[in-house]
Amino acid sequence: MARDLHQPHDHLVKQAFGHQVVMQDFLKSRLPKETLQRIDMKRLRLTNKSFSTHKGTQRHGDLIYAATIDGQSGYLYISLEHQSQEEKYMPLRQLEYNVLLMRQHLDEGHSTVPLIINICLYNGKTPYKGPVACSAF
């Protein structure tokens with residue numbers, strides 16, 4: 001409960017984005033049209049996913065929506081870190097979560113890795129200018 005009081009926006013955003021209609025409206029307003037057309041919005045559903053790392057520690061995704069993307073099972077991974085400052089390694093953190101989500105998906109009996117769309121909500125006071133994708137260089 002202390003975290004809810006210290007980070008009240010976390011609770012608010014999780015409550016709001018936990019509703020399918022809110023998520024659909026958000027995606028319609030933020031995703032490029034070409035991407036949006038690939039997602040079956042009628043089949044969008046909130047899942048309850050948590051991950052175990054190879055070291056046995058638990059990682060919990062803030063909100064993970066299952067969706068059909070291009071006719072395949074996939075996930076919309078909604079990262080609600082609510083960074084008030086740019087984080088240099090945010091794309092790497094998302095990539096680590098993606099690998100855990102892919103492993104869990106395969107362990108559930110699926111024969112292919114899921115498609116994943118990462119979205120990070122940033123609440124800083126200045127426009128975000130940090131990295132938006134991982135790079136090998």
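Summary table below
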quantity	calculated
Unmet requirement for Gln37, which otherwise passes all of (1) closer than 30 Å to Lys125 by Cβ; (2) exposed (fewer than 12 other Cβ atoms within 10 Å of the Cβ); (3) modelled with pLDDT of 90 or more	(1)
Filtered residues of the range 87-103 (kept if surrounded by fewer than 16 Cβ atoms within 10 Å (Cβ to Cβ) and either hydrophobic (A, V, I, L, M, F, W, C) or under 20 Å from Thr68 (Cα atoms) (or both))	Leu92, Leu95, Val99, Arg103
Total residues in the range 104-121, condition touching a residue at least 40 places away in the same chain (Cβ under 8 Å) and touching a His at 6+ places or on another chain (Cβ under 9 Å)	3
The range 105-137, residues that are outside any loop (DSSP other than H, G, I, E, B), modelled with pLDDT of 80 or more and crowded, with 16+ Cβ neighbours inside 10 Å	His105, Leu115, Ile116, Ile117, Asn118, Ile119
Which listed residue is hydroxyl-bearing (Ser, Thr, Tyr), modelled with pLDDT under 85 and out of contact with any strand residue (DSSP E or B) (no Cβ under 9 Å at 6 or more places or on another chain), from Tyr75, Tyr89, Tyr97	Tyr89
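The values are calculated or read from the model by the stated rules, or taken from the named source; none is laboratory data. This structure is a prediction, so every number in the text was calculated from the model and none was measured. Every residue, glycine among them, receives a Cβ derived from its backbone with ideal geometry; neighbour counts consider all protein chains shown.
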